[in-house]
Amino acid sequence: MARVNAQDQLDRVMRESADSRAENRSLKSENDRLRNQLDRVNQDLAEARGRITDLQSQYSSTSLRLNETSSKVAEMERLDREKQQAEAGRRDFAALQAGSSGDYHGEAERQRFIATLPDSFFVPSLTTLHVRSKSKMDALGSVIAAHLDAGLSIEGHTDARPNADGFALARAQAVADYLAALGVSRASIKVESRGATVPISTRKTLAARAMNRRVDLVFVGPQ
């Protein structure tokens with residue numbers, strides 16, 4: 001009887017051992033399957049990261065090209081605006097020159113011209129403007145006020161006389177004051193005296209001396 005029980009126990013132990021080995025094999029197989037699945041997931045993840053990196057690189061490259069294109073477009077637009085402004089400035093300056101040269105002696109060179117107010121615009125031997133020059137001064141002032149972008153220097157000239165600088169400056173200032181009263185900005189006017197240093201004629205006749213008594217309006221346009 002004892003031998004039978006021992007045999008039964010041995011058989012049970014053997015069966016349990018066999019079952020354990022079978023379970024271990026099943027667990028190992030499942031573990032291998034899960035490990036293979038994890039490897040595939042890791043591989044897919046690595047490939048996805050690679051694609052993301054490629055897309056990020058493509059995006060950066062595209063963004064860089066877009067920025068470069070935008071910069072070039074902005075630069076072209078800026079140059080075009082500057083060109084249009086320069087052309088408008090030249091047209092405006094040409095209109096100023098045309099409007100101010102009809103009744104006055106003037107000389108022009110490229111973007112600079114001079115309109116000369118002769119001695120007859122002033123009261124003889126005085127620095128005040130003559131009333132008979134009013135209509136011409138009004139017309140000149142209207143033209144200048146409509147073209148404020150041009151630089152304007154008012155230069156007084158006179159013949160050889162005591163206090164030539166002061167006399168020439170006073171006449172130039174009288175012209176500047178008259179133009180300012182017509183709406184020309186004082187900030188755009190530069191008043192200077194050349195005294196008797198830049199004569200038109202060196203002759204001693206009354207006509208020659210009168211020619212030297214003048215006020216030059218020097219206009220400088222956009223370069």
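The values are calculated or read from the model by the stated rules, or taken from the named source; none is laboratory data. Just so it is clear, the model here is predicted, and its values are computed rather than measured. Positions of Cβ are backbone-derived with ideal geometry, glycine not excepted, and every protein chain shown enters the neighbour counts. Quick note on the areas: whole protein, heavy atoms, side chains included, nothing else; ligands and nucleic acids left out. Shrake-Rupley method; radii C 1.70, N 1.55, O 1.52, S 1.80 Å.
Rolling a 1.4 Å probe over the protein heavy atoms leaves Val13 with an accessible area of roughly 80 Å².
Round to the nearest 0.05 the FRET efficiency obtained for Arg49 and Arg25 when R0 = 41 Å and r is the Cβ-Cβ distance. Efficiency at R0 = 41 Å is approximately 0.70.
I'd like the distance between the alpha-carbon centres of region 161-194 and region 4-83, rounded to an integer number of Å. Taking the Cα centre of each part, region 161-194 and region 4-83 sit 86 Å apart.
Just to be sure I understand: of the beta bridges DSSP finds with both ends in region 152-223, what percent are antiparallel, rounded to 5? Rounded to the nearest five, the antiparallel share is 50 percent.
What fraction of the Cα pairs in region 127-208, stated in percent, has a spacing above 17 angstrom? Summing the P(r) tail past 17 Å for region 127-208 gives 52 percent.
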